[in-house]
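The values are calculated or read from the model by the stated rules, or taken from the named source; none is laboratory data. Source: prediction; values computed, not measured. Don't worry about glycine lacking a Cβ; one is built from the backbone with ideal geometry, like all the others, and counts go over all protein chains shown. Just so you know, the surface numbers come from the protein's heavy atoms only, side chains and all, with ligands and any DNA or RNA stripped out. Shrake-Rupley method; radii C 1.70, N 1.55, O 1.52, S 1.80 Å.
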Amino acid sequence: MSKKPLIGLTLDLETSKTYSKFPWYALRENYCSSISSFGGIPFPIVYDNKAINSILDIIDGLVITGGAFDVHPKYYSEKIKYNNLNIKVARTIFEIKICKLALKKNIPVLGICGGQQLINIVYGGSLYQDIKKDLVTNIEHEQKNPRNEVSHSVSLNTNSLLYQIIKQKKIKVNSAHHQSIKKPGKGLVVNATSCDGIIEGIEDQSKSFCIGVQWHPEFLIKNSDNKIFKSFIKTAKTRVKP
């Protein structure tokens, strides 16, 4: 039996005194179960900046997860414009470092929601700090209905890896973000957009797998979500040593 690929997942860090009176790491269960469903082994990663090389020596793929946080605008040469940003410095520093090095080593990378935005920043791109304040749109990008339901459609770029994976020009997605990509980073291709023009997906076609999506495919609502994880795990599996 062939070995399963080990997939690293970045964690959130919380200080709210709910689970514990002390700071605690957090990761929604379906990030892990979606990886397990397609033959991977989920491997949550703590913020150990000194161990990044060692971590990347053992994992076969990296998922940069989402969360209720924002990357500090200084990372795309802006100042904070609004008071509704939730900055998590330690998380951002770790994710930028591990993302850069994973890409350098051509380790498959999947960025989800805030993870997509982080990939864009790593490539030198920028963000809209708040969609409702910076843009005019009739789409609720922080959907009112439950996250395990879809809320709006996304059109795929037919000249993208994402389209080759999903093989549909339009898909339905869930939506849970108040920021979005403004300027795509150098070397990135926009692979998905919503009808209001907001960038919903990016990819680096020079890598084995570097895709970011603004929605949350780990809920596996649609077959398109399944296909993203299946392709990601399949690519990661090619790195597994016999």
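General observations
- Strands (runs of 3 or more DSSP E) enclosed by the range 1-67 - at least 2 residues per element that are closer than 30 Å to ASN223 by Cβ: 6-10, 41-45, 61-64
- Among the residues of the range 151-187, the ones that are open to solvent by 20 Å² or more (accessible area, probe 1.4 Å) and outside any helix (DSSP H, G or I) come to 18 in all.
- Inter-residue pairs, beta-carbon under 7 Å, first without any contact (Cβ under 8 Å) to a residue 40 or more places away in the chain and in the range 43-71, second of a type in the set (A, V, I, L, M) and open to solvent by less than 60 Å² (accessible area, probe 1.4 Å), 6+ apart: PHE43/LEU6; PHE43/ILE7; PHE43/LEU9; PHE43/ILE59; PRO44/LEU9; PRO44/LEU11; PRO44/LEU27; VAL46/LEU11
- Of residues in the range 226-242 being open to solvent by 50 Å² or more (accessible area, probe 1.4 Å) and of a type outside the set (Lys, Arg), the one modelled with the highest pLDDT: THR238
- Here the range 68-106 is the region considered, the condition is being open to solvent by less than 30 Å² (accessible area, probe 1.4 Å) and in contact with a Lys or Arg (Cβ under 9 Å, 6 or more places away or on another chain), and the residue that is nearest to LEU56 (Cα to Cα) is LEU103.
- Matching entry among GLU29, GLU14 (being farther than 19 Å from GLY212 by Cβ, among the charged types (D, E, K, R) and in contact (Cβ under 8 Å) with a residue 12 or more places away in the chain): GLU14
- Residue pairs meeting the criteria (Cβ under 9 Å; at least 6 apart or on separate chains; first closer than 13 Å to SER34 by Cβ and touching a residue at least 24 places away in the same chain (Cβ under 8 Å), in the range 218-240; second open to solvent by 30 Å² or more (accessible area, probe 1.4 Å) and of a type in the set (Asp, Glu)): PHE219/GLU149; ILE221/GLU149
- Residue check, ILE119 part of a helix (DSSP H, G or I), more than 16 Å from GLY201 (Cβ to Cβ), of a type in the set (A, V, I, L, M, F, W, C) and open to solvent by less than 10 Å² (accessible area, probe 1.4 Å): no
- Residue within the range 129-148 that is in contact (Cβ under 8 Å) with a residue 24 or more places away in the chain, open to solvent by less than 40 Å² (accessible area, probe 1.4 Å), in contact with an Asp or Glu (Cβ under 8 Å, 6 or more places away or on another chain) and under 27 Å from LYS100 (Cβ atoms) present: yes
- Picking from residues in the range 25-56 that are of a type outside the set (Lys, Arg) and over 21 Å from the mean Cα position of the chain (by Cα), the one that is farthest from SER180 (Cα to Cα) is SER54.
- Condition met for TYR19 (over 15 Å from LYS234 (Cα atoms) and under 21 Å from the mean Cα position of the chain (by Cα)): no
- For the range 77-120, the set of residues classified as over 17 Å from the mean Cα position of the chain (by Cα) and in contact (Cβ under 8 Å) with a residue 60 or more places away in the chain consists of ASN84, ALA90, listed by residue number.
- Total residues in the range 38-67, condition hydrophobic (A, V, I, L, M, F, W, C), out of contact with any strand residue (DSSP E or B) (no Cβ under 8 Å at 6 or more places or on another chain) and open to solvent by 20 Å² or more (accessible area, probe 1.4 Å): 2
- The set of residues from the range 195-225 being touching a Pro at 6+ places or on another chain (Cβ under 8 Å) and buried (at least 21 other Cβ atoms within 10 Å of the Cβ) comprises ILE199, ILE202, PHE209, CYS210, SER224, ASP225.
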